[in-house]
Amino acid sequence: AGTGGAGLVGPVEQPEAWRLDTAGTATLENVKPVPCPEVLEPLGAGQVRIAVRAAGINFRDALVGLGMVPDQTGLGGEGAGVVVDIGPDVAGVSVGDRVMGVLDQSFGPLAVTDARMVAPIPDGWSFRQAAAVPVAYLTAWYGLVELGRLRCGESVLVHAAAGGVGMAAVGIARYLGAEVYATASPGKHGVLGEMGIDGAHRASSRDVGFAEV
């Protein structure tokens, strides 16, 4: 927001160093703002500081918030925003860039991450759209490409294809040139149809009938 007076220059206000996290007993009622002064510390080699505009939330965050994941803490693992500072030895990322990626503990106004963990936001994407992409697509890519070694001309079955990771997996498999079979609950078969998966390539995720497809 402007000051209303042209030519007036004052000190730049630093964002508060806080994030949403569990405080005390891990219950959703105890998710609240907690201090995180470390996000204002000088950056190390290869690090970037990001003003978070949107953060992605996934099932892990709900489980951690409920204390159901032993030895895991910290909410928020992905997001999108604007680079406000870069550390030494950072290449390919500049202050002012709109980026999305893996941001540790992203439920706050600032986050620090490795510059290699972010990518430019495509033109026309909102921050909210970009924040919903990184974990789902990285998970799908790792499963299909790094582990499965999926190649053009092969076929792949994507279970729960109407979910976030499932949709990402379908998109990546098609990008690789694979033939895609998919399952979803019967009520979501319309979604599969909208994704271009015809009746011969889809089955229910609620039974083992997909083995006959």
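The values are calculated or read from the model by the stated rules, or taken from the named source; none is laboratory data. The structure presented is a predicted model; accordingly, all values stated were derived computationally and were not measured. All Cβ positions, glycine included, derive from the backbone under ideal geometry; neighbour counts span all protein chains shown. Remember, those area values only see protein heavy atoms, side chains included, never the ligands or the DNA or RNA. Shrake-Rupley method; radii C 1.70, N 1.55, O 1.52, S 1.80 Å.
Does at least one position in the stretch 192-201 carry a residue that is under 28 Å from residue 130 (Cα atoms), in contact (Cβ under 8 Å) with a residue 12 or more places away in the chain, hydrophobic (A, V, I, L, M, F, W, C) and touching a strand residue (DSSP E or B) at 6+ places or on another chain (Cβ under 6 Å)? Scanning the stretch 192-201 turns up at least one residue that is under 28 Å from residue 130 (Cα atoms), in contact (Cβ under 8 Å) with a residue 12 or more places away in the chain, hydrophobic (A, V, I, L, M, F, W, C) and touching a strand residue (DSSP E or B) at 6+ places or on another chain (Cβ under 6 Å).
For the stretch 15-41, the set of residues classified as assigned to a helix (DSSP H, G or I) and touching a residue at least 60 places away in the same chain (Cβ under 8 Å) consists of 38, 39, 40, listed by residue number. Screening residue 106 with (1) touching a residue at least 40 places away in the same chain (Cβ under 8 Å); (2) in a helix (DSSP H, G or I); (3) within 26 Å of residue 162 (Cβ to Cβ) gives one miss only, at (2).
Just one of the listed residues (157, 138) is open to solvent by 80 Å² or more (accessible area, probe 1.4 Å), in contact with a helix residue (DSSP H, G or I) (Cβ under 9 Å, 6 or more places away or on another chain) and outside any loop (DSSP other than H, G, I, E, B), and it is 138.
With respect to the conditions (1) crowded, with 16+ Cβ neighbours inside 10 Å; (2) not in a strand (DSSP E or B), residue 203 falls short on a single one, namely (2). Per the listing 95, 48, the residue uniquely among the aliphatic types (A, V, I, L, M) and either without any contact (Cβ under 8 Å) to a residue 60 or more places away in the chain or surrounded by fewer than 20 Cβ atoms within 10 Å (Cβ to Cβ) (or both) is 95.
Of a type in the set (Asp, Glu) and outside any strand (DSSP E or B) - does that describe any residue in the stretch 47-64? Looking through the stretch 47-64, at least one residue is of a type in the set (Asp, Glu) and outside any strand (DSSP E or B). In the condition set (1) touching a helix residue (DSSP H, G or I) at 6+ places or on another chain (Cβ under 9 Å); (2) exposed (fewer than 13 other Cβ atoms within 10 Å of the Cβ), residue 187 is compliant with all but (1).
Might you let me know whether the stretch 163-181 holds any residue that is at negative phi, open to solvent by less than 50 Å² (accessible area, probe 1.4 Å) and modelled with pLDDT under 95? Taking every residue of the stretch 163-181 in turn, at least one turns out to be at negative phi, open to solvent by less than 50 Å² (accessible area, probe 1.4 Å) and modelled with pLDDT under 95.
Taking the stretch 178-204, which residues are hydroxyl-bearing (Ser, Thr, Tyr) and closer than 12 Å to residue 163 by Cα? Don't jump to the end; show me each part of the working.
So the first thing to find is which residues in the stretch 178-204 are hydroxyl-bearing (Ser, Thr, Tyr), and the list is 181, 183, 185, 204.
The answer is 183, 185.
Pairs linking a residue in the stretch 164-183 that is within 17 Å of residue 139 (Cα to Cα) and in a helix (DSSP H, G or I) to a residue that is open to solvent by less than 50 Å² (accessible area, probe 1.4 Å) and among the charged types (D, E, K, R), with Cβ atoms under 6 Å and 6 or more positions apart or on different chains, do not occur. Among the candidates 144, 192, 157, 103, the residue that is under 18 Å from the mean Cα position of the chain (by Cα), under 30 Å from residue 211 (Cβ atoms) and aliphatic (A, V, I, L, M) is uniquely 144.
In the set (1) within 21 Å of residue 118 (Cα to Cα); (2) buried (at least 18 other Cβ atoms within 10 Å of the Cβ); (3) modelled with pLDDT under 90, the condition left unmet by residue 58 is number (2).
Considering only residues that are under 17 Å from the mean Cα position of the chain (by Cα) and crowded, with 16+ Cβ neighbours inside 10 Å, look in the stretch 61-73 and name the one that is farthest from residue 103 (Cα to Cα).
At the first step, the residues of the stretch 61-73 found to be under 17 Å from the mean Cα position of the chain (by Cα) are 61-64.
This time we only want the ones that are crowded, with 16+ Cβ neighbours inside 10 Å, so: 61, 64.
On the way: 61: 13, 64: 16 Å.
It comes out as 64.
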